[in-house]
Amino acid sequence: MNARITGTGHYLPGSPIHNDDLPKELDTSHEWIHSHTGITNRHWASPEEACSDLALKASLKALENANCKAEEIDLILFSTVTPDFISFPASATLLQDKLGAPQAAAMDLNAACSGFVYALETAYAFIKAERYKKILVVGSEMLSRIVDWNDRSTCVLFGDGAGAVVVEADEKASPWFSALNARGKDAMALTRLQGGTLNPYKSGDVVDHGHFLAMDGKKVYLFAVSVLGETIQNLLKQSGLTVEDIDYIVPHQANSRIIEAVAARNKIPMEKFVLTIEDTGNTSSASIPIALDILIQKGEVKPGQRILLVGFGAGLTYGGTLLQW
């Protein structure tokens, strides 16, 4: 049994936050941020919103576009590094309840910014094994809640948002090609150190750097440029296709300069890449499904076109999926 994405949706909370609207204490500028990252705006959730709330709004759109009822969903896969609660209950179970899908199995998945492609491949494997027929795959993040607002090298990069897709069994669909990898030896290049069993919270703890996201920007940049190209070439080799056969490449939206470097190194025209980072910032595992839905809502994806999704993230993880629409 093969699979097909039958519906997509996304949600960006609140109004766009322009670079000029960032706290003046950061001592930065729109010109510097945009020239170094490609980012102009990002969205931040309101204090009343939770990660599962963002996921709900994206999921409802995906279900509507798939002409699928929540009661038909067999499994919910929820990719996030910013769940509603630090350990449990899983955000997927909270989403299950909010959607009104009590029959669906539900679980969270954490592969950071690669999480959506990891979750998508998990959905495909379940359908190939004929365990489930209709699966909701969600990437939802609230990075604004975990950035260090004293670290201008990271806090300007991230935004909040959610994206979702409905994946359904379809024996007539073309097979997908997938590549998932990790580089655990470099895991400490992108971290949030406080709160796990190695460094648990203690009564009276002061909020300090360990509570927030921290990144070795140079190491992550070099990793990203290398593995995005590696993954694209891997998927092309698996499928027997060339770059010319691919209609769109939807990458993780981390930094436009990373994408430009990947394009140059691999001799891929920039117009193949779908870029939404200017208006969303880095939304971690939500970035690929958000960009995919924006592309589809523009009416630019036609049946039979080939789309390559590719991401990288903390862990360090990376991977991609090549599918035919």
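Only the coordinates and a few stated rules stand behind these numbers; no lab work does. Since this is a predicted model, take the numbers as computed values, not measurements. Positions of Cβ are generated from backbone atoms using ideal geometry, with glycine treated the same way; all protein chains shown enter the neighbour counts.
Assorted remarks:
- Measuring r between the beta carbons of LEU60 and HIS36 and using R0 = 25 Å, the FRET efficiency lands at 0.10.
- Helix-only mean residue ellipticity at 222 nm for the chain, each DSSP H run of n ≥ 4 adding -39500 (n - 2.57), per residue, nearest 500: -9000 deg cm²/dmol
- Förster radius 25 Å - calculated FRET efficiency between ASP151 and SER203, Cβ distance, rounded to 0.05: 0.40
- Taking a straight Cα-Cα cut-off under 16 Å and skipping sequence neighbours fewer than 8 places away in the same chain, the lysines within cross-link reach of LYS237 are LYS267.
- Taking the C-alpha atoms of segment 69-153, convex hull volume expressed per residue in Å³: 96
- Take each peptide in 233-239, 79-85, count the other Cβ atoms within 10 Å of every residue, and average; sorted highest first, the result is 79-85, 233-239.
- Here the chain is described by how far its Cα atoms reach on the three principal axes: 55, 47, 38 Å, from widest to narrowest.
- Mean Cβ neighbour count within 10 Å, used as a protection proxy, ranking 13-25, 157-169 highest first: 157-169, 13-25
- Charge tally for ILE127 (other residues, Cβ to Cβ under 12 Å; Lys, Arg +1; Asp, Glu -1): -1.
- Spatially close lysines, pair count over segment 3-169: Cα under 26 Å, gap of eight or more or interchain: 15
- Evaluated over the Cα positions of segment 177-324, the convex hull gives a direction-averaged projected area, one quarter of its surface, of 10.3 nm².
- Here segment 18-61 is treated as a sphere whose radius is the Kirkwood value from Cα pairs; by Stokes-Einstein at 4 °C and 1.567 mPa s it diffuses with a coefficient of 103 µm²/s.
- Expected-Rg normalisation [2.2 N^0.38 Å, Cα atoms] applied to segment 108-250: 1.28
- Across q = 0.14 Å⁻¹, segment 3-169 modelled as identical point scatterers on its alpha-carbon atoms has Debye log10 I(q)/I(0) values of -0.71, in the order of the q list.
- Length gained on full extension, GLU278 to SER29: 88.2 nm, using 0.36 nm per residue less the C-alpha separation.
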